[in-house]
1. Beyond a 31 Å Cα-Cα separation, which of these cross-linked pairs lie in this structure: A:Lys140/B:Lys9; A:Lys142/B:Lys9; B:Lys9/B:Lys157; A:Lys47/A:Lys142?
2. May I have the extent of the alpha carbons of region A:164-208 along their three principal axes, as whole Å values ordered from largest to smallest?
3. Which value, in debye to the nearest 20, gives the size of the charge dipole of the protein assembly as shown about its Cα centre, when Lys and Arg are +1 and Asp and Glu are -1 at the Cβ?
4. Rounded to the nearest percent, how much of the accessible area of region A:9-221 (1.4 Å probe, protein heavy atoms only) is carbon and sulfur?
5. Based on the Kirkwood radius over alpha-carbon pairs, what value in µm²/s does the Stokes-Einstein equation return for the translational diffusion coefficient of chain A at 10 °C and 1.306 mPa s?
6. Please list the equivalent ellipsoid semi-axes of chain B, computed as the square roots of five times the alpha-carbon gyration tensor eigenvalues, in descending order and whole angstrom.
7. In region B:2-258, what percent of the accessible surface is made up of carbon and sulfur (1.4 Å probe, ligands and nucleic acids excluded)?
8. Per the helix-only calculation at 222 nm, which mean residue ellipticity applies to chain B, given -39500 (n - 2.57) for every DSSP H run of n ≥ 4 and division by its residues, nearest 500 deg cm²/dmol?
Amino acid sequence: MTADPLPVISCTGLTKSYGRHTALSGVDLAVAEGDVFGFLGPNGAGKTTTIRILLDLIRRDTGDVTLLGGDPRRDGVRLRRDIGYLPGELPMTSRRPARELLSFLARLRGGVDRREIESLAERFALDLDRPVRGLSKGNKQKVGLVQAFMHRPRLLILDEPTSGLDPLLQQEFLALVREVREDGRTVFMSSHVLGEVQDVADQAAIIRAGRIVALEDMDDLRERALRRVTMTFAEPVDAQAFARLDPVRDASVEGTTLTCTVEGSPDALIKEAATRTVLSLTSEEPDLEELFFTHYNNGRGSAPQEEGSNAGA
Amino acid sequence: MPVRDIFGKFLMDSRRGIIGWMIGVAAVTALYSSFWPSMENTSEAMGAFVEQMPQLAQAMGWGDLSTAEGYLGATVFGLLTPILISIAAIAFGTRAVAGEEEEGALELILTHPVSRYRVVVQRFAALAVFTALLGATIWVVLAALGPALDLGIPLAKLAAAALATALIGFCYGTLALAVGAVTGRRTHAIAGAAVLAVVGYLGNTFALQQEQLEWMRFLSPFYYALDPEPLVNGGDPGYTAVLVAVPLVLAAAATARFARRDVLV
């Protein structure tokens, strides 16, 4: 079999407006088969709008979309057979058990191996016999994940997949995503937090105000990852000793507490700190906005204009 | 067969409501028809009452309260069950598209390999079954009580009247479904269908007293259902065809629009 030269998802010049409000103003994307692709952006940047166009829930104004070799508008039904989708919000108001909802959705797909449903439910510790209406947010999310993965689709489109999952289940989810990738299948997942995708994604695009502002190889991004580090020492320290270190930026000291930003490996900082007595250490990941401003405002010419960051859902 | 799943699932999910409405329709039908024997005994007094207000009587369809056909036609079939079934059908038709769309439940179905046509057509079919069940309820109750109440109306004519009543509800339920499918808004679906139901009812009752307003009755499903007096004459094929054609046209137009628009924005 020859390698498929067509990307699994390809969008060019995608635009969408709701009345006077512009949700997407020219989105270009290409996702290769077998990749895990992170689709990052603050809330309201246009992530969900893009995903809904891929699934043919909403119709683009202009631009081209190719999905698994077809057009979602023309070949929607056929394409959706090969797609598993997790919506950003799962409304579940039925009094019937989760198992019944899942078998209904499975029948819409023309049947799904029951064992696959059972094994996914077991992995996520989901009780299929409880009515979906009473489930917690996390448990509803699990039902959503089971229905997205159960038919082993070629392409998974996941809108904020880890929201509501506790850290243990997030790990289980990431393991599942890795297995899907090992099968050569493709995962397209959105998030407003870099941390959710950085461990597993191969590529990431950052969308902001309806436009893709960066396309990154995750290995590069990880190398340049910023962290905000706060350390408290037993004795007062000199800011200068840390500020001169290569990966350290914006070092400031207040009494015995050092606050700074570290780009890439924190090795040098740790070694310098280790010569003193460290009482506490916290390391925080910057949010996407901060990352965006640091990387793309300073580094690469002008940022896109502000078009209101709470644009369309 | 996966083909009927959306239809079957929607009916199953609605079964509490369906059973509730059937009980309500059965109760109203039984209650009012069981007044008939005592009405029959006071028919002279009723006749005098009607004579004093001929216009109101004509508007309300109280043509002849001294016969079982006249009494049932004025009460059960003229007012109570058509309105009850219309309310039920409007609620059902609203939920069929707009309600589930606003809830977000439609999104999950539409992201499966299912066409939009299939969703609307199967929910329209579910609405047809729902209104048919309500119409059948009227018929079953009257058929069962008929001998005891000495109604003396043939079962076929009761069936024709029940069918006509169910079709009134079917028209307004489809209207709610169609407005919901076009706009995606629950409130528009309910309000649009409810306003037209009121206009339709008035159009076939009070508007008849004003010559200038008489045209309104042609917009009213109540007119096509009640004017042929199915309890007396049996079903009228032409008028019944109108009551079937209207929902079919509405559903077709709604489906065409729903297939093209954005869902839930």
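The values are calculated or read from the model by the stated rules, or taken from the named source; none is laboratory data. Please read all numbers here as calculations on a predicted model, not as lab measurements. When we count neighbours, we look across all protein chains shown, and the Cβ atoms used for this are built from the backbone with ideal geometry, even at glycine. To get the accessible areas, we keep the full protein, side chains included, count just its heavy atoms, and leave off ligands, DNA and RNA. Shrake-Rupley method; radii C 1.70, N 1.55, O 1.52, S 1.80 Å.
1. B:Lys9/B:Lys157
2. 31, 27, 14
3. It works out to roughly 1120 debye.
4. 44 percent
5. 74 µm²/s
6. The answer is 36, 20, 14 Å, longest axis first.
7. Answer for region B:2-258 is 68 percent, counting heavy atoms of protein chains only.
8. -23000 deg cm²/dmol
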